[in-house]
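For reference, the structure is listed below as structure tokens.
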Amino acid sequence: INAGNNGFVVVISSEQMGTGDEEFGKKLLENFIYSLSEQDELPKKIIFYNSGVKLPCLHEKAINDLKAMEKFGTEILACGLCLDFYHLKEKLQVGSVTNMYRITEIMRSYYTVKPC
């Protein structure tokens, strides 16, 4: 597999970016998603797992930016097991549900960016 020619994917495993103040970390991650939506090249896919699944369910600003990227072909995926754990499966507002097998397959097939 030649990941260099496939584009890239972004994986988000937390609802905040970096360590430190939790609220500031949430703002950083929302700003990262917005900045990602403004790039010349969009990711092929954005994958959310662990507490990262809260973004496509509960964070209005992130949801709007994700919907914008989805319109231009970025696939938005959320881990079903994680959605179940956080009781969010019915609250997913953008993208579709996937499983860890598919997440693993995607992460090994594409150049992967992990901002958290």
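Quick notes on this structure:
- Some residue of segment 37-51 being open to solvent by less than 80 Å² (accessible area, probe 1.4 Å), part of a helix (DSSP H, G or I) and out of contact with any Cys (no Cβ under 9 Å at 6 or more places or on another chain): yes
- Pairing each residue of segment 69-91 that is within 20 Å of PRO43 (Cβ to Cβ) and part of a helix (DSSP H, G or I) with any residue that is of a type in the set (Phe, Trp, Tyr) and open to solvent by less than 90 Å² (accessible area, probe 1.4 Å), provided the two are 6+ apart or on different chains, yields C-beta distances under 7 Å for CYS82/TYR49.
- Residue-level analysis places PHE72 among those that are closer than 15 Å to GLY95 by Cα and open to solvent by 20 Å² or more (accessible area, probe 1.4 Å).
- Checked against (1) open to solvent by 90 Å² or more (accessible area, probe 1.4 Å); (2) over 14 Å from the mean Cα position of the chain (by Cα), GLY18 passes all but condition (1).
- PHE8 in contact with a strand residue (DSSP E or B) (Cβ under 6 Å, 6 or more places away or on another chain), at pLDDT 95 or above and surrounded by fewer than 17 Cβ atoms within 10 Å (Cβ to Cβ): yes
The values are calculated or read from the model by the stated rules, or taken from the named source; none is laboratory data. Since the structure is predicted, the reported quantities are computational estimates derived from the model, not experimental observations. Cβ coordinates were reconstructed from backbone atoms using ideal geometry, including for glycine residues, and neighbour counts include every protein chain displayed. Just the protein is used for accessible areas: all its heavy atoms, side chains included, with ligands, DNA and RNA removed. Shrake-Rupley method; radii C 1.70, N 1.55, O 1.52, S 1.80 Å.
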